[in-house]
Amino acid sequence: MKACVLICDFMAAVERRAFPELSGTPLVFLHFKGKQERVFAASRDTEGVEAGMRVGEAQAICPEAVLLAASLTRCASAVRELVETLSIYTHQIEVDENFRGDLRLYLDLGKLKATDGIQLGQRILMSCGTLRLSASVGIAAGKFTAYVAAYHHERLFLVRPGEEPLFLAPKPVDLLPLSRAMRHDLWQYGIERLGQFAALRKGTVLAQFGPEGKRLHQWASGRDSRLIQPYNLAPLERVTQSFEDPLASRSLLDFCLAGMIRTLAQRLERRAAMTEQITLLLQLDRGPLVEKVLQLRKPLSREEEIRRVISRCVEQLQVDGGIIHLELLLELIVPEVPRQLSLFEYAEQQERRIEDDIKQLARRYEHQHFFQGIPGDVQHPQPEQRFRLEPLEP
Amino acid sequence: MFYCTIEQTYYIEIKEFEYGFDKANLILKVSTTIQDVIAELQTRYGPQVVQRLSDFVPSAPQPTSIPDLDTLLGGGLLPGVLTVLQGGVTSGRVTLAQRILAHSPQTISIYIDACSTFDLESATRNGVNLTRIVIVHPGEQLLEILSGLLSLRVPFVVLDESDAKQVTTLPAVLITQLAQAGTVLLQLPPDRQTPLRAGARLMVEKLEWIRCPQSRDIRGCRSRVIVFEQRGVAFGAHVTLDLMLDDR
């Protein structure tokens, strides 16, 4: 059996989860295409706003829509959360990563009995509920049937084995991933339901639509033998900290961040890995979520380096209010590559070594040749009093 | 540095005699392979005597933090190469050298002041942090001290001989050592003298004084830096720099 977890308007759902005040408001997500801002995705309630439209067009169609920047990072992180949460049921989870529309996750439930399916489906729904994401679940023998079950039912629906053709027959044929030409042809033949399509002869479908059509014909007939393609979770390190009393001072924030960075650096060290992307999330008591994603020029792993980067980032952030939740994410984790020490990138130890060696060399020449400039009375009228040379200290 | 060629199957000849080798000793019979010859040479004259060319991989240029100069030099000064900064009196080359020294990222640099003319006050004005440089008055032991510094792999050395009578030509052994150490060595020879074995040569020419519009006091000079020789840079490429007396 396979389960399909469907989250409608995924991008809008994620955004509404982060900003509850947006619930019930039509949302339009924008991104830059070239120099122009275009619609990346829109929630269903915008009615007519489509991806690729100009901002003006979208506003004309749905004036009450709220325009937001498409945050793929947030969506990716929500997908990750979902996969992590659902992995308690199975490790075979496939993600259909389409942030523009609905998000589909397929779970391989193995040889699950139909009687247990409902119980498991309810648990899956509860798990999605803990993430504050509204989902519907369909359970069937094949992926397509499970998707249709999830799509056409509010919460949970199970299609028993053998009942697939009967279940699918009245559903619209548009649920199949049809090409434009195929959709047009089916429309011309008056085929609107999956049952009508399934009733066509195999040979006819193959002759008319080719192998792709044959495959879709099998799906429409309830025969979908596709396997789950497991989603590989990219390695990630996360540390979060929540506060009952909002953090209002920079020194306290720095202190908390230092502890979190230390933990992350230790984890990286244990993994012998480095990070190429750091995400800092601050939840303010007044509501807004401040997010900063730092793409690093070179991978970092050392605590001081990460601290320096984050400290610079915090300085640039405009934090207006107390912080109630802090989150640090290290993404794009790559194995630590042993780096050839460049002669001009001296670590502290090397710097100290050179200083010591020079002093030793100076000692060899009895300090007759090695000197250091010492500032004296810089305002003194006599130039020789302003600076003086002194033998290098041993 | 020297190089070897196999003239016949049985003989190897060393072309340059910097180490004071006896010529009779240089004609070596090759018994079986070139590795044996190399082993024998290394046994006789030390492991440094024969090295692979791959050991001399050029490092990335060291930025001078003067953007125009870095652009001209294709990134900066070459480590492991003797860079000569030529120029006349008041051309601004000492100022330029001190500016480069001031902005070098290393924590410690060496200024070899061959003529004891290093002015601490002007160096400070040029931005040199006195705690980060060691001034060396080498006297007669210039080459010995320089060799010692190169063996320590000191990252940045300025050899100022701008007021000396005669330029010091570094022996080939020091050039080899320099290449191995990857040190940026900037030599300032006396006016109209050119040391040998420089890997990069830059000429500094003063174009005009820069004066204060009101008092007409000299505030600096406008100098042109011309590349005579530098890896990857066309001969004659140049850039004009304003070297002000007070850079603080």
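Worth pointing out:
- Test for B:A97: is it at pLDDT 80 or above, among the hydrophobic types (A, V, I, L, M, F, W, C) and within 21 Å of B:V157 (Cβ to Cβ): yes
- Flag for A:L131 being in contact with a Ser or Thr (Cβ under 7 Å, 6 or more places away or on another chain) and surrounded by 21 or more Cβ atoms within 10 Å (Cβ to Cβ): no
- Failed item in (1) within 9 Å of chain A (Cβ to nearest Cβ); (2) modelled with pLDDT under 85, with B:V154 passing the rest: (2)
- Boolean, A:V39 is farther than 29 Å from A:A146 by Cα and in contact (Cβ under 8 Å) with a residue 12 or more places away in the chain: yes
- The number of residues in region B:175-216 that are within 15 Å of the chain's Cα centre (by Cα) and at positive phi comes to 2.
- When region B:69-127 is filtered for residues that are crowded, with 19+ Cβ neighbours inside 10 Å, over 19 Å from the mean Cα position of the chain (by Cα) and either of a type in the set (D, E, K, R) or within 12 Å of chain A (Cβ to nearest Cβ) (or both), the ones remaining, listed by number, are B:L120, B:A123, B:T124.
- Qualifying residue in region B:149-163 (condition: surrounded by 21 or more Cβ atoms within 10 Å (Cβ to Cβ) and assigned to a helix (DSSP H, G or I)): yes
- Each residue in region A:369-387 was checked for being in contact (Cβ under 8 Å) with a residue 12 or more places away in the chain and at the interface with chain B (Cβ under 8 Å from one of its Cβ atoms), and 7 of them qualify.
- Odd one out for B:A24, checked against (1) modelled with pLDDT of 65 or more; (2) part of a helix (DSSP H, G or I); (3) exposed (fewer than 13 other Cβ atoms within 10 Å of the Cβ): (1)
- Selection within region A:182-221: residues that are surrounded by 13 or more Cβ atoms within 10 Å (Cβ to Cβ) and polar (S, T, N, Q). The member of this set that is farthest from A:P172 (Cα to Cα) is A:Q208.
- For region A:201-249, filtered to residues that are within 31 Å of the chain's Cα centre (by Cα) and of a type in the set (S, T, Y), the residue that is nearest to A:L166 (Cα to Cα) is A:S225.
- Test for B:E208: is it touching a strand residue (DSSP E or B) at 6+ places or on another chain (Cβ under 7 Å), assigned to a helix (DSSP H, G or I) and either more than 14 Å from chain A (Cβ to nearest Cβ) or of a type outside the set (V, I, T) (or both): no
- Those strands (runs of 3 or more DSSP E) lying entirely in region A:267-335 with at least 2 residues surrounded by fewer than 16 Cβ atoms within 10 Å (Cβ to Cβ): A:289-300, A:323-335
The values are calculated or read from the model by the stated rules, or taken from the named source; none is laboratory data. Just so you know, these numbers come straight off a predicted model, no measurement behind them. Every residue, glycine as well, gets a Cβ built from its backbone with ideal geometry; the counts of neighbours run over all protein chains shown.
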